[in-house]
Amino acid sequence: MIYYKTMKTKFPFLLCFFLILACTSDERIRQTNESDFHKEIGFAYYIEKNYQLAYSEFHKALQIDPNNKDALHGLALVHMEFQEYEMARDLFLRTLSIDSNYADAWFNLGLCYQKLNMHNEAINAFNKALSNPIFITQDKAYFGQGLSYYKLGKYEEAKNSFDKAIKRNILLIQAHLYMALTNQKLGLYSEASKTLKHGIKLDQTYKGDLDKFKKDLIEALKSGQGNLPKEDILDLLEILKY
């Protein structure tokens, strides 16, 4: 009898507790959905290269849910486009503090570290991305890893990474170019020439036209608007002489 009275007395309180819990859960779901809505709009703007509007939408998403990892990642990508690399790095790290297995965030953090000339950190970030078995763009991660090794003067390691990149995507032309540059640094001049010519042959822009490739390198050198550093352009021109 005492037990019954006790439960009867507690029942209204338990009912209130579960109602509050249910309302809280519903509110969280609503907030998550609203945050994700702005996040998706943000990525749509990002794809269109409308970075200012993307920035605004990612911020709206984060105002609703500060732990929306995809919105944080998206905002970091926008800061990369704004060339605000330190801000981007901090946002990538915040993203990874929420989900340490976020392979795309590790990959983009690696690119960010490269912009900051932090190549050892970049190599580690690319390794983190590659350690995730569902990470898709392994070719680009191995290329990024190889590029950082190259910048550090670790040419054997660079060659190994470029080889892995090419095996995963033979049409990744930059990997062929930097494999040729790496071979040159190692004194493998014949192999450097062979690798470069093979890459130019695979490139749909040139289709093996060495003269056009050389002309474009010289033009990039004169204008200073090429995608490659001046030193690398000069080395590629040297390899074409072999």
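Some observations on this one:
- Kirkwood-type radius of the range 83-242, with distances r between different C-alpha atoms, in Å: 16.4 Å
- Each label point was placed 7 Å from the Cα along the Cα-to-Cβ direction; for Leu116 and Leu221 their separation is 3.5 nm.
- Degrees separating the helix 173-185 axis from the principal Cα axis of the chain, which is the longest one: 60 degrees
- Estimated from helices alone, the mean residue ellipticity of the chain at 222 nm is -26000 deg cm²/dmol (sum of -39500 (n - 2.57) over DSSP H runs with n ≥ 4, per residue).
- Mean projected area in nm² (Cα convex hull; one quarter of hull surface) for the range 141-215: 4.6 nm²
- Positive contributions from Lys and Arg (+1) and negative ones from Asp and Glu (-1), summed over other residues with Cβ under 10 Å from the Cβ of Leu171, come out at -2.
- A DSSP coil position with no more than 14 other Cβ atoms inside 10 Å describes the following trypsin sites (Lys or Arg not before Pro) in the range 134-223: Lys207.
- Compared with the dominant Cα axis of the chain, that is its longest principal axis, helix 138-151 is turned about 60°.
- Calculated diffusion of the range 122-163, Stokes-Einstein form, Kirkwood radius summed over Cα pairs, 37 °C and 0.692 mPa s, µm²/s: 327 µm²/s
- Just so you know, the Cα atoms of the range 49-127 work out to an Rg and Dmax of 12.0, 36 Å.
- The range 181-242 - Rg and Dmax from Cα coordinates, angstrom: 11.3, 30
- Pairwise centroid distance, computed over Cα atoms, of the range 30-99 with the range 132-204, Å: 32 Å
- For the range 153-197: rounded, prolate or oblate by the Cα gyration tensor [a/c cutoff 1.5]: oblate
- Virtual spin-label span in nm between Phe37 and Lys185, 7 Å along Cα→Cβ: 5.1 nm
The numbers here are math on the coordinates, done by the rules we state, and not lab data. Predicted model only: the values in this text are computed from it and were never measured. Because the Cβ atoms are built from the backbone with ideal geometry, glycine has one as well, and the counts that use them run over all protein chains shown.
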